[in-house]
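Engineer: Here it is, the structure, as structure tokens.
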Ligand SMILES: Cc1cc2nc3c(=O)[nH]c(=O)nc-3n(C[C@H](O)[C@H](O)[C@H](O)COP(=O)(O)O)c2cc1C
């Protein structure tokens, strides 16, 4: 049982890696080319130090926040990631059930191995449950060169399919063979179309933005948010680590130019989510201090599933929630809104090095 011996996400990942075997663990854990961005995503958090404020009443910290119009227990949710069933037969149903019991949001991949109806039904006991937002992946005009996938091959194991993908003849595929990607998609044609076909009750978020200029472009459309993401290092290797890209993107979303564009649409600023490399509650704290409203993770629920199905996912969420709460208390922050760059310093000149206030 993961409960007794797994005290960190790293423990869960090690356990999962053993259980998944070479082909599937490399598919999940690795990414594009030399894995420089995969590793940088995690390492970037170590460059920041949290400077605690002391003798504040932290007996009652509130870790909750609101995302997709719904209150969640802490600023963390699951990114959409393909094929949860390769980790456990319960697949996305196990993930959904664990997420809803913990009161957090979950993204569902187009390449999920359970139907959208069954996935949402597994979350039906959560307050305000339902599909609230479209997370549209915008960093994949083509799939990145993932060497482990090229070497090992990756496909759906026997008996699994992609029930939310429908072929022209009405069947559901069990491989990626007929996937067609339109690499000609552009902001100026795609965004107006996307907005026109999305029911107004669904928020639109663009997932996979790294550049502040793209944040400004996104601000000029009636969408709710962006997820600063490099696809967990699976697309362009040597793209910046997420924590390196975040400050400029968060500043762009709050810039006078972006706010002017938003006010013309009658909207408040774009919300800023991130994913990539989050492994500890303190990572979530640091991302919020650098301007994120919300953090997501793609691999964590898959590792949890591999270790112990739904219970493993629940354990992973609880580890992160507890770590986040402890970090808030020790940093002297009583609510999520109090987490700002005032709590943060960056290490310069290697480790150990000189720390500079932001
Ligand atoms: C196995 C796997 C499958 C993924 N499938 C998708 C997908 O179908 N669509 C998508 O937008 N992102 C996909 N992603 C990327 C995640 O949404 C997310 O951006 C990434 O995992 C974040 O990094 P992290 O795993 O370090 O948290 C996938 C990631 C993994 C590890």
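Engineer: Of these, 112, 133, 102, which one is under 20 Å from residue 70 (Cβ atoms), in contact (Cβ under 8 Å) with a residue 24 or more places away in the chain and within 14 Å of the ligand (Cβ to nearest atom)?
Structural biologist: Within the list 112, 133, 102, the selection yields 133.
Engineer: Take the range 18-36 and flag every residue that is away from the ligand (no atom under 13 Å from the Cβ), surrounded by 14 or more Cβ atoms within 10 Å (Cβ to Cβ) and in a helix (DSSP H, G or I).
Structural biologist: Passing the criteria: 19, 36.
Engineer: Select from the range 115-130 the residues that are farther than 20 Å from residue 299 by Cβ and either surrounded by 22 or more Cβ atoms within 10 Å (Cβ to Cβ) or within 12 Å of the ligand (Cβ to nearest atom) (or both) and list them in ascending order.
Structural biologist: 122, the sole residue that qualifies.
Engineer: Of all residues in the range 230-268, how many are in a helix (DSSP H, G or I) and either more than 13 Å from the ligand (Cβ to nearest atom) or over 15 Å from residue 289 (Cβ atoms) (or both)?
Structural biologist: Counting residues in the range 230-268 that are in a helix (DSSP H, G or I) and either more than 13 Å from the ligand (Cβ to nearest atom) or over 15 Å from residue 289 (Cβ atoms) (or both) gives 22.
Residue by residue, here is whether (1) in contact with a helix residue (DSSP H, G or I) (Cβ under 7 Å, 6 or more places away or on another chain); (2) more than 26 Å from residue 115 (Cα to Cα) holds:
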site	(1), (2)
28	yes, no
40	no, yes
50	yes, yes
67	no, no
76	yes, no
81	yes, no
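Engineer: Another one. So which of 108, 136 ends up being outside any loop (DSSP other than H, G, I, E, B), closer than 29 Å to residue 195 by Cα and at pLDDT 95 or above? Can you show your working first?
Structural biologist: Values: 108 fails: outside any loop (DSSP other than H, G, I, E, B).
Checking each option against the conditions leaves just 136.
Engineer: Of (1) away from the ligand (no atom under 14 Å from the Cβ); (2) under 25 Å from residue 77 (Cα atoms), residue 171 satisfies all except one. Which?
Structural biologist: Just one mismatch for residue 171, condition (2).
Engineer: Restricting to the range 269-289, name every residue that is buried (at least 24 other Cβ atoms within 10 Å of the Cβ) and in a loop (DSSP other than H, G, I, E, B).
Structural biologist: Once the filter is applied, which keeps residues that are buried (at least 24 other Cβ atoms within 10 Å of the Cβ) and in a loop (DSSP other than H, G, I, E, B), the range 269-289 yields 270, 276, 277, 278.
Engineer: Name the single residue that is nearest to the ligand (Cβ to nearest atom) among those in the range 37-94 being within 16 Å of residue 323 (Cα to Cα) and part of a helix (DSSP H, G or I).
Structural biologist: 45
Engineer: To continue, here is another question. What single numbered condition from (1) part of a loop (DSSP other than H, G, I, E, B); (2) out of contact with any strand residue (DSSP E or B) (no Cβ under 9 Å at 6 or more places or on another chain) fails to hold for residue 117?
Structural biologist: Among (1) part of a loop (DSSP other than H, G, I, E, B); (2) out of contact with any strand residue (DSSP E or B) (no Cβ under 9 Å at 6 or more places or on another chain), residue 117 violates only (1).
The values are calculated or read from the model by the stated rules, or taken from the named source; none is laboratory data. Everything numeric here is computed off the predicted structure, so don't read it as measured data. Positions of Cβ are backbone-derived with ideal geometry, glycine not excepted, and every protein chain shown enters the neighbour counts.
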